[in-house]
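Below is one structure, written out as C-alpha cells; the observations come after it.
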Amino acid sequence: MLSSGKQLGDCLIKAEPFACILSNKFRGRICDSCFLRYEKLSRCSCCKFMRYCSRNCQENDWTDHRPECKALQRVAPKIPADSARLMARIIWKLQRGETTAEETHYASNIPFKSFNDLMTHCDEIRRDPLRSKQFGEMVHTLRVYVSVEDLPEPRALLHIFGRMVINSFTVTDIELNPIGVGIYLGPSEIDHSCQPNVVTTFLGQVLQQRITADICSNNYSDAYVSYVDLLATTSERRKQLKEQYYFDCDCAVCLDDAMDALKSSTKCGNAFCTNPIIKNESGFVPCKACGFSNFDQSYYRLLQMAEEITDATLITISGMENSSAPNILDEK
C-alpha cells in the first residue's frame, strides 16, 4: 500500500487550487468562491461580474479578485474567455510572490510542488500550430485585459501558458458536471493510465484523489489517474493524449484489441440475447451466440441515434476544455 493502513476508498491527496475560475456560463448560479450552487447570489459592487453566496466567500476571494476586479471594469462590457481569466489570475498570483497552494498528502512520499515545478512542454507548443495560435491569441487578449506593463516577458509568458494548458483540471460539481477550471499542484504529479487506480473528485474548489484499487507499494508513482474519457476507443484516447499532453500511451489497455472492440460493440438485435455485436472495418459481425445478422436500416438508425447522444454527452463532459480555448473578449 502507499502507506500503512491505506485501503480502497482512502484519500491520497486533498488540495486547494493554486488558481481556479468558474466557467462564465455558470455565473449567477454558482458562487465564484466556494463553487456551490445557490438560488440567490450577490454581485461584486465594483465589477458587477463576480457573484458570491456570502460576505465570507467574497472576502476569501478578494486577494485573487482585487486585480481582476479592476481588469474586468476596464474591459467592460466585454469579458475574457475562461482560459484568459485563469491565466491572468496565475500571473497576478506570481507577481505577489505566491507559488504554492495548501495541500494535505496522505502518502508521505508525494512531493509538495510549486507552480514553477510544473512541466511546460514549451518546445512541443512551439512546434504545435494549434497551440501556438492559441498562445498568440492569449497574449493579444492579455495585453488588453491585464495591460502590457503587468505582463511578464514573452519567454516567461510562454512557460506560464504551458504550465496552465498541460496541468489544468476540469472542476466538476457533485454530479460530475464540468463547472470550472483550476490548477492543482500536487495532483499534477500523478501520472496517467487508461487503467487508473485513483479517481479525482471535487467538493467545491477542493480537489480530492481517492484510491479505487489496492496499490501494493509505498511509492506514489504506482498511483495513476486517467487524463481522458475511458469509454473512448484506443485511437481516440491516444489522439487526445498526444494532442493535449504530448505523450504516447502504451499501457495494457491500449494494447488490448478485444477490449477496444467491445467499446464499439452494440447489443444483439435478438431481444432474447445479451451477447455483444462486434463491428469491424467491413461492418457488423453476426452474433456469435445466436447467429443474429439482420442488420437492416432500422438497426443502423438506432446505432446512429445512440452515437449522437453519446457524442453530445462527451462534448458536455469535456466542455470546459473546449470552452477554455483562449478566444478574445466576448460581450456580456
Going by alpha carbons, how many degrees (0 to 90, nearest 10) lie between the helix axis of 82-95 and the longest principal axis of the chain? 50 degrees
Cα centroid distance between region 20-38 and region 153-199, in Å? 18 Å
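Classify region 1-107 as rounded, prolate or oblate from the Cα gyration tensor: take a ≥ b ≥ c as the square roots of its eigenvalues, call it rounded if a/c is under 1.5, otherwise prolate when a/b beats b/c and oblate if not.
Numbers: a/c = 2.58, a/b = 1.76, b/c = 1.46.
Taking the square roots of the gyration eigenvalues as a ≥ b ≥ c, region 1-107 is prolate.
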If each K or R counts +1 and each D or E counts -1, the residues other than Leu255 whose Cβ falls under 13 Å of its Cβ total -3
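Which shape class applies to region 104-230: rounded if a/c is under 1.5, otherwise prolate when a/b exceeds b/c and oblate if not, where a ≥ b ≥ c are the square roots of the Cα gyration tensor eigenvalues? Write out the running numbers ahead of the final one.
Values: a/c = 2.09, a/b = 1.85, b/c = 1.13.
Prolate.
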Run the simple label-point estimate for Leu203 and Asp123 please: 7 Å along Cα→C-beta, distance reported in nm. 4.2 nm
Pull up the cross-link candidates among the lysines for Lys48, meaning alpha carbon to alpha carbon under 20 Å and not fewer than 8 places away within one chain. Lys25, Lys40, Lys70, Lys78, Lys332
With all protein chains in place and a 1.4 Å probe, Arg238 shows an accessible area in Å² (nearest 10) of 90 Å²
Of Val228, Ala271, Ala19, which is farthest along the charge dipole of the chain in the positive direction, counting Lys and Arg as +1 and Asp and Glu as -1 at C-beta? Ala19
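Counting only heavy atoms of the protein chains, get the accessible area per residue of region 120-202 (1.4 Å probe) and round it to a whole Å² value.
Working: 3560 Å² over 83 residues.
Heavy-atom accessible area per residue stands at 43 Å².
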Treating the angle as unsigned and between 0 and 90°, give the value, to the nearest 10°, between the Cα long axis of helix 55-75 and the longest Cα principal axis of the chain. 80 degrees
Between helix 154-167 and the chain, what is the angle of the helix's C-alpha long axis to the longest principal axis, kept within 0 to 90° and rounded to the nearest 10? 40 degrees
With charges only on Cβ, +1 for K and R and -1 for D and E, what is the dipole size of the chain about its Cα centre, in debye, rounded to 20? 1140 debye
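Leaving ligands, DNA and RNA out of it, report the carbon-plus-sulfur percent of the accessible area of region 1-121 at a 1.4 Å probe.
On the way: 2750 of 5840 Å².
Of all accessible area on region 1-121, carbon and sulfur atoms account for 47 percent.
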What percentage of all Cα-Cα pairs in region 179-251 are separated by more than 18 Å? 44 percent
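The values are calculated or read from the model by the stated rules, or taken from the named source; none is laboratory data. What you see is a predicted model; the values in this text were computed from it and never measured. Neighbour counts are summed over all protein chains in view; Cβ atoms, including those assigned to glycine, are modelled from backbone coordinates with ideal geometry. Note: accessible area is taken over every heavy atom of the protein model, side chains too, but ligands, DNA and RNA are not part of it. Shrake-Rupley method; radii C 1.70, N 1.55, O 1.52, S 1.80 Å.
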